[in-house]
């Protein structure tokens, strides 16, 4: 038969087992002796058996009392540890941050490093996936915040633009497009093109820009990773168009990056969150940090022009 124990009853029981005397245990608990006696009697009544053998100057645990003592200590320790962990978690904070694959490896390292310096007590758990999956996870409350690229069609979710970045041509060293001037998007049509697969929004960004300029690149290969696109380009499988943030961390001398003449392809990076769910202090701190960082980068970009 299940019996409902109250935590303070277990604490009183453990205190009496430790002191082995009602008077001393009551003093330790700041209770009157009659109040402690009633509490222990109630506990014994619930169990239907005595927990202590009463003697004039001391009490001794029965076999049932020994068993309950071991369990009571485990329960009280678990409760104490749980509240300690919850208290620490509320002080530290945690963010579940989503990002698409064409942003995560290029943007997140610098972001997370800077955020950790500002907020050392907040841990960030990264989840990398496609836009479609991140939208689903944000709806279900599985992530707190996501960094992705516009356009984002997500009913019930809030989206805030962060910054825009240019998309650059990447070609192998020695390729004709590495030197042609001016470099127009129409020039790409004459060469094999390496593209991300259709699950990535970047592929649609590039295709949309090409359609606007009545250009139809001959896609010879598709891959799921931007790093693979870069490697295939270096191996002279074709040319491609990639975000400027990918160029910034590329230390290879086998590839050349070039800006297009005239209207330039670009994408807008944004953050997304679910307004229907509770916003933690940690999530708010990350959002504010992202906005400050994007504002600073835009200001630096204007001064640099």
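Just so it is clear, none of the values below were taken in a lab; they were calculated from the coordinates. All values derive from a computational prediction rather than experimental measurement. Note that we place each Cβ from the backbone using ideal geometry, even for glycine, and neighbour counts take in every protein chain shown.
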- Item | Between 0 and 90°, nearest 10: helix 104-118 axis offset from the chain longest Cα axis | 50
- Note on the structure: Between residue 173 and residue 117, Cβ-based FRET efficiency (R0 35 Å, step 0.05) works out to 0.40
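Cβ neighbours within 10 Å, averaged per peptide: list 127-140, 173-186 in order, most packed at the top. Walk me through the intermediate numbers first.
Numbers: 127-140: 17.9, 173-186: 13.8.
Result, highest mean first: 127-140, 173-186.
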- Message: Cut-off 16 Å, label point 7 angstrom out along Cα-to-Cβ of residue 181: give me the residues of the stretch 236-273 whose amide nitrogen falls inside.
- Response: 257-262
- Message: How much length would be gained if the chain were fully extended between residue 63 and residue 41, taking 0.36 nm per residue of separation minus their Cα-Cα distance, in nm to one decimal?
- Response: 6.3 nm
- Query: What nm value, rounded to one decimal, do you get for the distance between residue 284 and residue 74 when each label is placed 7 Å out toward the C-beta?
  - Reply: 4.1
- Message: Beyond 34 Å, how much of the Cα-Cα pair distribution for the chain remains, as a whole percent?
- Response: 48
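Please sort 236-249, 207-220 by packing, taking for each peptide the average over its residues of neighbouring beta carbons within 10 angstrom, highest first.
Working: 236-249: 20.0, 207-220: 14.1.
Listed from highest to lowest mean packing, they are 236-249, 207-220.
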- For the stretch 93-305, what is the percent of antiparallel DSSP beta bridges, rounded to the nearest 5? 60
- Could you check the simple spin-label distance between residue 30 and residue 218, using points 7 Å along Cα→Cβ, in nm with one decimal? 8.5
- Item | Principal-axis tilt of helix 281-304 within the chain, Cα atoms, nearest 10 degrees | 20
